[in-house]
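The values are calculated or read from the model by the stated rules, or taken from the named source; none is laboratory data. The model shown is predicted, which means the values in this text are computed figures rather than measured ones. Quick reminder, even Gly has a Cβ in these numbers, built from the backbone with ideal geometry, and neighbours come from all protein chains shown.
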Amino acid sequence: MGDFHPHGDAALYGTLVRLAQDFSMRYPLIDPQGNFGSVDGDPPASMRYTECRLTTLAMEMMEDIERDTVDFMPNYDQSGEEPVVMPGKFPNFLCNGGEGIAVGMSTSMPPHNLKEVVEASLYALDHPDASPDDLMKFIPGPDFPTAGFILGTKGAKDAYRTGRGKVIMQAQIQIEPMDNGKSAIIITELPYQVNKSRLIEHIADLVRQKKVEGITALNDYSDKHGMRVVVELRRDVMPRRIMNFLLKHTALRQTFGVIMLGLVNNQPRVLNLAQVINLHLVHRREVIIRRTRFELAREQRDSHIREGLQIALNFLDEIIALIRRSASAETARAEMCANYGLTQLQADAILSMQLRQIAQLEARKIEEDYKNILKEIARLENILLTPALVTKMIKDELRALRDKYGDDRRTRILQTEADDITEDDLVPEEKTLVTISRDGYIKRVPMDTFRTQNRGGRGVKAGNLKEEDQPAHLFVATTTHYILFFTNRGRVYRLKAYEIPPSTRQARGQHLNNFIQTEPGDQVTAILPLQKLDVGGYLLMVTTNGEVKRTALSYFANLRANGLICFDIEEGDSLQWVRHTEGSQEVILVTRGGMSIRFNEADLPERSRQAGGVRGIEMRDPVTKQLKDRVVGMDVVSSTSQLLVASENGYGKRTDMASYRSQTRGGRGVTTMNITAKTGPIVDAAVVEPDDKLMIITEKGITIRMDITSIRAVGRSTQGVKLINLDAKDRVITIERVVEGDIPDGDTEE
């Protein structure tokens, strides 16, 4: 304050505090001790209670300032000097950014990642004509200390190309399940410069003013380990809708206006990314050249002194006698300069010599030092004469900065622009397990909920269902999958997996009516997860009575909220299975009584969305023409696959598909399992590969996961082996194939 800052300590202390805040500076320049404020806007402690020192990174920025690397100017009261700029080995303007207002103009530079800035600088050194687009391959956008998201790349590209742009920032938000089927919105990262305390107050005001309904509590559990703001919701609201409302009406989504304005030769200029980087490199080149000149002058001075000392040692006795008879040091200096051709600098060095330096060992050391100095002079002169060596020094210094201080990017960049942002872009893509009960209660749980067990285990409870309810469907999807729901009466509906609130294994979930508008009396009987709806192919649909239909997937690209008709179901029949096929694959149908038929889907005529099906397998008594069996499983065949069947009493087996010859659709098929009182009828079937896993779910909600290889591979007409030990009055109701890699193995339970 006494030397450089005439405006008092208030503004100075505020600046110092900001330089120490890790939520304000991407790379803090002050190492603080004490209370320096918080992201809640809490003020720092009084300066008498705090201590600080420069960080090592700040020292890097001022390195070599004493070696005439930058110009100095008088300070405010002409009592001293201050540097015009810093040597700036650390590219602070880009890495830490900055904001400021001058007369009629302002700077608003966001912070960036040091590793990315260094890589871009290294590229610019090798490619002097690099454009902003070339450098954007290394610097995709700002990197804020508070992390969060950047929505889209257009704003950053505009800023890097023209010097002006708008970057849309967004908080890190996720939805987590709570007890009693409730959900909570969790905020763990905020946009840059957002005050957390004010944000919470704003959300509370929206609740009080009833502009948003469904929020029951708002708690801040942030601590020194990280941020965690919990917005608790009622169980009957859609968490995703509440989250989108908060993103739109609060500071959870903010705009950072980028103005890359800087002083170039004391003139304000709006710069693009290439200009900013090149100006920094030009500055560093000038610093290194000035530093080299300073060191060269110092070495030349030392060389000059060493030459004088060697002359003194060559005429040692005469010079000692000259000094002894001289009346003063000035007289001795003048006589040495006159008699031996010494300069005043050399004469002063001789007069300052210590007696021990006249020893022979010291004389040899002076000579060796002189030779080393000559080598250093040659090296420094070579640097000044060779621009490539200066470039190499700049690169080496940049790499050293990157290796010592560089860290990973904190702010994630979404490729979708803010105007086009959808919920899909905000949802982390991760595997999830979705279960639906017979009465229509749906939930999704993490993939590691069910650990792998050995064949014959007892499984774990999949959920607390009502006594009269039971699990019906279980499948794997990513959070961004489309999920198509097909009802027994032939209607189809659509959801995104993330729209199903996450839940715990024990929870019952929420009823499907909260998400899709099914017709009265309809039941969801088939579910198909698809990554996209525009991938082509067909939907192959099968009913309980063995009717089969093939319809192009393109018919279902634009599903309405109230669904569409997908199958003209006959009275007494029910749509139960749907698969996505390529058009020329083989399918297999399995019946409750242990029969199966394999045929090519090309045998099926392609039908419109509202049409009915054709016969896939014959299950009628040849005499009475009454149905005596029903289909319990359908799947698509591959050349290396096996057919796995599971029975009501927990028995199952896998059989190579080669055992099932391809037939014409509509036949009676072949035996696939020897049905007895011990095994009970077949309840489900799936085409599997040896690396897959199997999930079995029972009427009482018990779920077990096992390796396919633990189930014995046997012939078509056998009974199979015990898959799961069932409690009394419990039975297997469905199985689900889990592809290798869909879920982690976890621990293995006996």
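Looking for something among the aliphatic types (A, V, I, L, M) and more than 23 Å from Ile242 (Cβ to Cβ) - is there at least one such residue anywhere in the range 175-195? Within the range 175-195, none of the residues are among the aliphatic types (A, V, I, L, M) and more than 23 Å from Ile242 (Cβ to Cβ). Restricted to the range 275-311, and to residues there that are surrounded by fewer than 20 Cβ atoms within 10 Å (Cβ to Cβ) and of a type in the set (Gly, Ala, Ser), the residue that is nearest to the chain's Cα centre (by Cα) is Ala297. Taking first residues from the range 485-504 that are in the same structural domain as Leu553 (by TED's automatic domain parsing) and among the small types (Gly, Ala, Ser) and partners that are surrounded by fewer than 20 Cβ atoms within 10 Å (Cβ to Cβ) and assigned to a strand (DSSP E or B), the Cβ contacts under 9 Å between residues at least 6 apart in sequence or on separate chains come to Gly490/Ile565; Ala497/Thr478; Ala497/Tyr482; Ala497/Pro529.
Let's see how each residue does on (1) in the same structural domain as Thr478 (by TED's automatic domain parsing); (2) assigned to a strand (DSSP E or B); (3) touching a residue at least 60 places away in the same chain (Cβ under 8 Å):
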residue	(1), (2), (3)
Arg508	yes, no, yes
Asp522	yes, no, no
Asp534	yes, no, no
Met541	yes, yes, yes
Asn545	yes, no, yes
Lys549	yes, yes, yes
Tyr555	yes, no, no
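The criterion of at least 1 residues that are polar (S, T, N, Q) and modelled with pLDDT under 95 is met by the following helices (runs of 4 or more DSSP H) wholly inside the range 349-437: 360-385. Quick check on Ala20: is it loosely packed, with under 15 Cβ neighbours inside 10 Å and either small (Gly, Ala, Ser) or at pLDDT 95 or above (or both)? When the stated conditions are applied, Ala20 does not pass them. Residues of the range 45-62 that are part of a helix (DSSP H, G or I) and of a type in the set (Gly, Ala, Ser): Ala58 alone. On the stretch given as the range 581-627, residues that are at pLDDT 90 or above, of a type in the set (Lys, Arg) and surrounded by fewer than 15 Cβ atoms within 10 Å (Cβ to Cβ) total 1. The residue that is modelled with the lowest pLDDT, counting only those in the range 472-506 that are surrounded by 22 or more Cβ atoms within 10 Å (Cβ to Cβ) and hydroxyl-bearing (Ser, Thr, Tyr), is Ser503. Counting the residues of the range 69-99 that are in contact (Cβ under 8 Å) with a residue 12 or more places away in the chain, among the hydrophobic types (A, V, I, L, M, F, W, C) and surrounded by fewer than 15 Cβ atoms within 10 Å (Cβ to Cβ) gives 3.
Just so you know, in the range 143-193 the residues that are buried (at least 22 other Cβ atoms within 10 Å of the Cβ) and hydroxyl-bearing (Ser, Thr, Tyr) include one that is nearest to Ala251 (Cα to Cα), and it is Tyr192. Of all the numbered requirements in (1) buried (at least 17 other Cβ atoms within 10 Å of the Cβ); (2) more than 26 Å from Met169 (Cβ to Cβ); (3) not charged (D, E, K, R), Ala334 misses one, and that requirement is (1). Residue-level check: of (1) among the aromatic types (Phe, Trp, Tyr); (2) touching an Asp or Glu at 6+ places or on another chain (Cβ under 8 Å); (3) under 30 Å from Met619 (Cα atoms), Phe485 misses just (2). Inside the range 551-601, residues that are under 30 Å from Asn649 (Cα atoms), of a type in the set (Asp, Glu) and in contact with a helix residue (DSSP H, G or I) (Cβ under 9 Å, 6 or more places away or on another chain) make up a count of 1.
Would it be correct to say that Leu122 is at pLDDT 95 or above and either over 25 Å from the mean Cα position of the chain (by Cα) or buried (at least 21 other Cβ atoms within 10 Å of the Cβ) (or both)? Considered against the rule, which asks whether it is at pLDDT 95 or above and either over 25 Å from the mean Cα position of the chain (by Cα) or buried (at least 21 other Cβ atoms within 10 Å of the Cβ) (or both), Leu122 comes out as yes. Using the structure shown, decide if Tyr160 is among the aromatic types (Phe, Trp, Tyr), part of a helix (DSSP H, G or I) and at pLDDT 95 or above. Taking the combined requirement at face value, the residue satisfies it. Cβ-Cβ below 6 Å, separation at least six or inter-chain, first residue in the range 47-68 and outside the structural domain of Phe36 (by TED's automatic domain parsing), second among the charged types (D, E, K, R) and in a loop (DSSP other than H, G, I, E, B): which pairs? Note: pairs meeting the criteria are Glu60/Lys89; Glu63/Lys89. Exactly one of (1) in a strand (DSSP E or B); (2) within 20 Å of Phe144 (Cβ to Cβ) is unmet by Ser197. Its number? For Ser197, the exception is condition (1).
Scanning the range 205-220 turns up no residue that is within 23 Å of the chain's Cα centre (by Cα), at pLDDT 90 or above, surrounded by fewer than 16 Cβ atoms within 10 Å (Cβ to Cβ) and not β-branched (Val, Ile, Thr).
Within the range 689-706, being over 13 Å from Gly652 (Cα atoms) and not basic (Lys, Arg) holds for Glu689, Pro690, Asp691, Asp692, Ile697, Thr698, Glu699, Gly701, Ile702, Thr703, Ile704. Restricting to the range 678-714, name every residue that is among the basic types (Lys, Arg) and assigned to a strand (DSSP E or B). Lys693, Arg705, listed by residue number. The lone criterion from (1) over 24 Å from Ala297 (Cβ atoms); (2) surrounded by 11 or more Cβ atoms within 10 Å (Cβ to Cβ); (3) hydrophobic (A, V, I, L, M, F, W, C) left unmet by Ile366 is number (1). If we scan the range 455-468, do we find a residue that is modelled with pLDDT of 75 or more and not in a strand (DSSP E or B)? Within the range 455-468 (the criterion being modelled with pLDDT of 75 or more and not in a strand (DSSP E or B)), the answer is no, since none of the residues qualifies. Number of residues in the range 243-256 that are touching a strand residue (DSSP E or B) at 6+ places or on another chain (Cβ under 6 Å) and not in a strand (DSSP E or B): the value is 2.
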